[in-house]
Amino acid sequence: MRLEANKVSFRYDKKQPWVLEEKNFAISSGEKIAILAPSGYGKSTLAMLLAGYLQPDSGTVRLNEEPLPTKGVSPVQLIFQHPEKAINPRWRLHRVLAECGSLREDVLSGLGIQKAWLDRFPIELSGGELQRFCVARALMSGADFLICDEISTMLDVITQAQIWNTILAEARNRNMGLIIVTHNYELARKVADRILDISR
Amino acid sequence: MISDQPAILEVSALSVSFRMYDKGFDQKDLKVISNLNITVHPGEVLAIVGSSGSGKSLLASAIMGLLPNNAAIKGSMHYKGQPLTPNRQKLLRGTEIAFVPQSVSYLDPLMKIGKQVDGYKKPYPTEKRRAIFRQLSLPDDIEKKYPYQLSGGMIRRVLAATALITEAELIIADEPTPGMSLDQALKALTMFREMADAGKAVILITHDIDLAFKFADRITVFYAGTTVETVSTHDFQTGAAKLHHPYSKALWRAMPQNEFESFPGFQPYAGDLPKGCLFSPRCPHKIPACEAAVPEMRTMKGGEVRCCHAT
Amino acid sequence: MNQILNCRTLNHRHILVLFTSIIGAMVIMAFLSGKLIPDAAAAVNISQKNLAPSLQHLFGTDWLGRDLFFRTLKGLSTSLTVGVTASLISAVIATLIGIAAAMGSKIIDSLISWLIDLVMGIPHIILLILISFACGRGLKGLLIGIAATHWTSLARLVRAEVLQLRSQQYIAVSRKLGKSNRWILIHHMLPHLFPQILVGVILLFPHAIIHEAAISFLGYGLPPEQPAIGIILSESTKYLSSGVWWPAIFPGLTLIIIVLLVDRLGDHLKLLLNPHTAQEQEDTH
């Protein structure tokens, strides 16, 4: 399977400057590519284009030569930087896991999700705990490509290690393509096969 | 440079708890900070490193006297040798103790940037403010803009300016560089480093160890609302051998440039704290004594540690 | 509040339940007693006319000798029925219109917003009178009239809430997990909307009662055989100048008290349903 962005350009408004201009990107199943750059270079925008959250102003995003599916569970899942925004604050957390369609005990225990947390509301948990739910949701949805947009930037190093080790194990087992958006060079080096620096 | 001067801020055995609604009508007390000890000296940068939810942001509010009504405080805080009472906190806030907050929500969205940073006391320090903006590489026209027109990086620098303009002796920065790359963060915080070098004291509250390494003189490790170890940055960077608390060692080993090794377990809740050492449920070396009582902070080879086993 | 009740600290939740129970009890009592009191109790009895309040007749009697206490209760029960029904109908209309505006195309949204502005621009009483007149005065006309004029502010609220929810990140994530618009509306948005709508209904309720009373007072609402507070007040004003004050004061006071209590209930509920203010304590320092 192959996910490609061909000459994509994007800006948020006609009056704003271009965030991305004619950028190309390609990833195949089993590859792990890190997109490295400081903030302001459009890494998150590229991530959202690749996952179909935004439409490019010009250029195309293709999955296996076809445009990204708009209905049904998307095979390209994106995990955001701030888990509090990606979870409905009025939902108990077990609903968040149920939303992805399947429940896998090995993923939950790998991420260290405690049974006691399932009955709680998001406001009662910390950012690190919430992010585990977002990662679990994306992994259990059966995605072929996983885009992680600065998912551990707001987390402490231990939680970061735990989450990434689980993601890497799952990616290996399912031959998933992994896109790691980060500004942390050490993390990129440890997790990815290839580093793409888009600030140049 | 640092420790020969007496501490400018001494916090000992600080506890902060909140009354919250539990099931139905009950209210319970959430102990978000317990037995916290820190000392800061003029001329140094102390980094307080802990995961999200560990209560470290509340420490800043406690020192400034800005906790909400349903908070109860115990323990003692001394500033320049004198106790820090609520009245004294009111006087010192914004004059001798300054705070650099976390997010743009601390800025008034309806007020222009220049006016906000100038403050409300006349005469307005406009020239000084312009000089600080220039030093922070902020464009000149920013003073006429509103917060929503600024990028994230600019907001950070404006928030830093609000503290720098006060000439405070003690600056508390709460996650001042969230999500910034190390280079950007260093640029943003250079002014604080310079102020520390000039004799002020800076407390840096962060979850980012890399930032603490590059920037701080001493690091205090925070876990579940309490301080578990304080070491010099140099010792922390050397490796797990120089660290005494199992949590600090776990932090070091988890870093991607080291072993990238995770550590099982999770931080206990403020409403559900274990009796005795707060780390004991996760600790591989625990003995019955750990669960009986909270260990005291002990001085040890250039630092302090709160552990039964530390040698 | 704690000093008044002379007990240990009551928190917001205690106060809310206290209020709700009191109001609930009053409303239910008034409603039931209105239905259960035989017409005979408030029957015309000329020999007893214009008696001042006493133990036998708690609110006194009016110019036809009818016991005012029972008449007020019956009237209150009618007013409450009309109020609740009209509020509920209004709330349903408001929710549907608000959701349609927020989820539909830009054209539909503009159309509905224009309609809301139009209806809001016309003074309530005039519109109410026109509608009840057009529907043939009486209970039906009154209900339609009140429901058709009171949906606007709640509709705006629902529209604003749904618009804001639409742009939330977790809604976009839900779509990528394969969920349809309908699923998202029911499972994600309704839990957010429901507390707002509930508060909206409770705050609409006093409006509806007062307007019903006003319309009936003006003679456009219910006929005098179905006494509601408005009618009672309307007829009583004729006798105020002759020193017979009780037929006007007591029913009026009862109405005001109920309306105020329901309004306070709505405010407390709003505070508790908003997670930001939910943890506030009564200021004891």
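The values are calculated or read from the model by the stated rules, or taken from the named source; none is laboratory data. This is a predicted model, so every value here is computed, not measured. Backbone-built Cβ (ideal geometry, glycine too); neighbour counts: all protein chains shown.
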Screening A:Leu187, A:Leu146, A:Leu155, A:Leu178 for residues that are buried (at least 20 other Cβ atoms within 10 Å of the Cβ) and farther than 25 Å from C:Tyr170 by Cα leaves only A:Leu187
Counting only residues in the stretch A:28-47 that are in contact with a Phe, Trp or Tyr (Cβ under 9 Å, 6 or more places away or on another chain) and either over 12 Å from A:Cys148 (Cβ atoms) or not small (Gly, Ala, Ser) (or both), the one surrounded by the fewest Cβ atoms within 10 Å (Cβ to Cβ) is identified as A:Ser29
Taking the stretch B:111-136 and keeping only residues that are surrounded by 15 or more Cβ atoms within 10 Å (Cβ to Cβ) and not in a helix (DSSP H, G or I), one is left with B:Lys112, B:Pro125, B:Leu136
Yes or no: the stretch B:264-287 includes at least one residue that is under 18 Å from A:Met154 (Cα atoms) and out of contact with any strand residue (DSSP E or B) (no Cβ under 9 Å at 6 or more places or on another chain). yes
When every residue in the stretch A:174-200 that is of a type in the set (S, T, N, Q) and touching a helix residue (DSSP H, G or I) at 6+ places or on another chain (Cβ under 8 Å) is compared, the one farthest from the other protein chains (Cβ to nearest Cβ) is A:Thr182
All-but-one check, C:Pro191 against (1) modelled with pLDDT of 80 or more; (2) not in a helix (DSSP H, G or I), failing number (2)
In the stretch B:137-152, anything surrounded by fewer than 19 Cβ atoms within 10 Å (Cβ to Cβ) and part of a loop (DSSP other than H, G, I, E, B) is listed as B:Ser137, B:Pro139, B:Lys145, B:Tyr146, B:Leu150, B:Ser151
Residue check for B:Ile171: free of Cβ contacts under 8 Å to residues at least 60 places away in the same chain and of a type in the set (Val, Ile, Thr): no
B:Pro42 passes all but one of the listed conditions (1) at pLDDT 90 or above; (2) more than 14 Å from chain A (Cβ to nearest Cβ); (3) under 15 Å from the mean Cα position of the chain (by Cα); the exception is number (3)
TODO: Output yes when any residue across the stretch B:92-103 is more than 28 Å from B:Tyr146 (Cα to Cα), in a strand (DSSP E or B) and away from chain C (no Cβ under 14 Å), and no when none is.
DONE: no
